[in-house]
Amino acid sequence: MENVRFINVKFVKSASKKDEFISDELPQIAIVGRSNVGKSSLINMLTGNSKMAKTSSTPGRTRLVNYFNVNNQFYLVDLPGYGFHKAGKGVASSWDNVMNDYFSDNPNLKLVMVLLDSRLEPTSLDKQMIEYLAANELTSILVLTKTDKISRSEINNQINKVGKVLRFNQNLIVPTSASKKQGGEQIANLLGIYL
């Protein structure tokens, strides 16, 4: 597929358990990351619609698997944020179960975009996510968010650092800024490769 163009994007549904997941023939691109890393902002930037995904200043608000149909070509799938368990251990473990159910036995999943805050060091949870995806032979790229908050040299340093810490190909680490609408074209290029 050529560069992805987010022309006709529609929210389809939210799912809270396995039997609610979409399993039709369309490929899926998943977005995952720590709570408050900027998943909703990235989706809004990519789709060109500031109201497509709900943003919140409160971490841990996205508890559902949210499906967005893009051009009737694929689904962009927003997964629950990890690493924020204020809601209680029972809820936290149910989120983990939902994510595990989503990742396992999903032949339509073509790529996972793992979001990291460009201002922060990768956490043990980020490392676990990368290791989990690799162990399950799931293709992933890293998306550094909020790069407008740091300098160009800091962005380059962070790409190098993240690549070494997570043992990740630096060519597959994309710096983005939703507020400045930067990085979307590079993501679109990569999506076109994997779809």
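The values are calculated or read from the model by the stated rules, or taken from the named source; none is laboratory data. Every value quoted in this text rests on a predicted model; they were computed, and no experiment measured them. Here Cβ is always computed from backbone atoms with ideal geometry, including for glycine, and neighbour counts include all displayed protein chains. To get the accessible areas, we keep the full protein, side chains included, count just its heavy atoms, and leave off ligands, DNA and RNA. Shrake-Rupley method; radii C 1.70, N 1.55, O 1.52, S 1.80 Å.
Structure above, values below:
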item	result
Of residues in the range 1-18 being assigned to a loop (DSSP other than H, G, I, E, B) and over 18 Å from Gly81 (Cα atoms), the one least open to solvent (accessible area, probe 1.4 Å)	Val4
Number of the exception - Asp148 against (1) within 19 Å of Val32 (Cα to Cα); (2) assigned to a helix (DSSP H, G or I)	(1)
Residue list for the range 35-90, filter: open to solvent by 10 Å² or more (accessible area, probe 1.4 Å), more than 17 Å from Ile187 (Cα to Cα), touching a helix residue (DSSP H, G or I) at 6+ places or on another chain (Cβ under 7 Å) and modelled with pLDDT of 90 or more	Met52
Residue satisfying all of: in the range 173-189; crowded, with 16+ Cβ neighbours inside 10 Å and among the hydrophobic types (A, V, I, L, M, F, W, C); nearest to Leu111 (Cα to Cα) among these	Ile187
Single unsatisfied condition, Ile159 versus (1) over 16 Å from Leu46 (Cα atoms); (2) in contact (Cβ under 8 Å) with a residue 24 or more places away in the chain	(2)
Selection status of Gly184, of a type in the set (Gly, Ala, Ser) and in contact (Cβ under 8 Å) with a residue 12 or more places away in the chain	yes
Members of the range 126-159 found to be under 14 Å from the mean Cα position of the chain (by Cα) and among the polar types (S, T, N, Q), listed by number	Thr139, Ser140, Thr145
Leading residue by the ranking (surrounded by the fewest Cβ atoms within 10 Å (Cβ to Cβ)) among those in the range 19-34 that are touching a Phe, Trp or Tyr at 6+ places or on another chain (Cβ under 9 Å) and either part of a strand (DSSP E or B) or β-branched (Val, Ile, Thr) (or both)	Ile22
Which numbered condition Leu191 fails, given (1) free of Cβ contacts under 8 Å to residues at least 12 places away in the same chain; (2) under 22 Å from Gly81 (Cβ atoms)	(1)
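The rows are residues; the columns are (1) open to solvent by less than 20 Å² (accessible area, probe 1.4 Å); (2) modelled with pLDDT under 95.
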| position | (1), (2) |
| --- | --- |
| Ser93 | no, yes |
| Asp101 | no, yes |
| Leu115 | yes, no |
| Ser118 | yes, no |
| Thr139 | no, no |
| Asn157 | no, no |
| Ile193 | no, yes |
